[in-house]
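Read the structure below first, then the notes.
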Amino acid sequence: MVIQAVSGERSRKRIKRRQSHLWRRRAGRVLLFIAAAILLSIVAFRFVNPPITSVMALNRLGGGAIHHRWVPLGDMSRQLPLAVIASEDGRFCVHWGVDWGAVKEAIKEGDGFADFRGASTITMQTAKNLYLWNGRSYVRKALEVPLAYLLSAVWPKERVMEVYLNVAQFGPGLFGAEAASRHYFHKSAADLTRSEAILLAAALPNPSARNPARPSRHMLLIARVIDRRLPILAPRSGCIRPER
């Protein structure tokens, strides 16, 4: 009886180990499939415009509307990508997706790793919009880094900027510069003035609370800072389309 009980216990343990190993293999295959799908989509989106992003999909699943119209970078006012660089990522043209200098500075001057979010580059934000989700999350931030490196390896800088300006959220349900321009200023992104482009760029860090058409005092202060940075950063922004 004792021998049978011991033998039965060993058999149960072997079955559990086999089941655990089977689930790990299945999980590994799923993760491998997801990674391969993301890599293939990154290659495809180098040439084909993404029809929807994860942030748009989550917004739709949450009952929100989606207003979006894709336009090429060449059909946007040059002031807009310059304003976004001045606002979001001053070293956009020289880093490879992640600006570790800005990360160290944000951690040193802020509240430890909580301020890593403030060092998010345009490439990282593009990766987040395409494949991840909004909100503070160390997991999301850790995923942004390899995705940003992959985007930088496959896409030229102009493509990164073009996709970002077409998928970034500028307000509730407003995705992309064209939809935002028409909603806030009743004009195409091609016709944006310098001040309007700056206000759109100032809305990006908090699109649900900042309204470029009715900027708060705090938003106007941010816009003035961006305006002062523009003449300094414009000569360093040659990776996007040159002056027409």
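The values are calculated or read from the model by the stated rules, or taken from the named source; none is laboratory data. Given the structure is predicted, the values throughout are model-derived calculations rather than measurements. A quick note on method: Cβ atoms are made from the backbone with ideal geometry, for glycine too, and the neighbour counts reach across all protein chains shown. Side chains are part of the model used for accessible areas, which takes the heavy atoms of the whole protein and leaves out ligands, DNA and RNA. Shrake-Rupley method; radii C 1.70, N 1.55, O 1.52, S 1.80 Å.
Miscellaneous remarks
- Any hit, the range 179-190, residues being closer than 30 Å to VAL43 by Cα and touching an Asp or Glu at 6+ places or on another chain (Cβ under 6 Å): yes
- Pick from the range 191-205, criterion open to solvent by less than 50 Å² (accessible area, probe 1.4 Å) and small (Gly, Ala, Ser), ranking: farthest from LYS128 (Cα to Cα): ALA197
- Members of the range 105-132 found to be farther than 21 Å from CYS93 by Cα, of a type outside the set (Gly, Ala, Ser) and either at pLDDT below 90 or exposed (fewer than 14 other Cβ atoms within 10 Å of the Cβ) (or both), listed by number: ILE107, LYS108, GLU109, ASP111, PHE113, ASP115
- A single entry from VAL55, VAL48 fulfils the requirement of being closer than 16 Å to LEU130 by Cβ, β-branched (Val, Ile, Thr), modelled with pLDDT of 95 or more and touching a strand residue (DSSP E or B) at 6+ places or on another chain (Cβ under 8 Å): VAL55.
- Exactly one residue out of SER208, SER188 is over 14 Å from the mean Cα position of the chain (by Cα), under 14 Å from VAL55 (Cα atoms) and open to solvent by 10 Å² or more (accessible area, probe 1.4 Å): that is SER208.
- Among the residues listed as VAL43, VAL6, the single one being open to solvent by less than 90 Å² (accessible area, probe 1.4 Å), at pLDDT 80 or above and either outside any loop (DSSP other than H, G, I, E, B) or touching a strand residue (DSSP E or B) at 6+ places or on another chain (Cβ under 9 Å) (or both): VAL43
- Within the range 75-101, being at pLDDT 95 or above, assigned to a helix (DSSP H, G or I) and surrounded by fewer than 19 Cβ atoms within 10 Å (Cβ to Cβ) holds for one residue alone: ASP75.
- Residues in the range 133-154 that are within 16 Å of VAL43 (Cβ to Cβ) and open to solvent by 10 Å² or more (accessible area, probe 1.4 Å): 7 in all.
- Residue that is nearest to ILE66 (Cα to Cα), among those in the range 160-177 that are in a helix (DSSP H, G or I) and open to solvent by less than 20 Å² (accessible area, probe 1.4 Å): VAL167
- Close pairs (8 angstrom Cβ cut-off, 6 or more residues apart or separate chains): on the phi > 0 side of the Ramachandran plot and at pLDDT below 95 in the range 143-169, buried (at least 24 other Cβ atoms within 10 Å of the Cβ) and of a type in the set (Lys, Arg) anywhere: none
- Evaluation of LEU221 against (1) part of a helix (DSSP H, G or I); (2) surrounded by 18 or more Cβ atoms within 10 Å (Cβ to Cβ) (one fails), failing number: (2)
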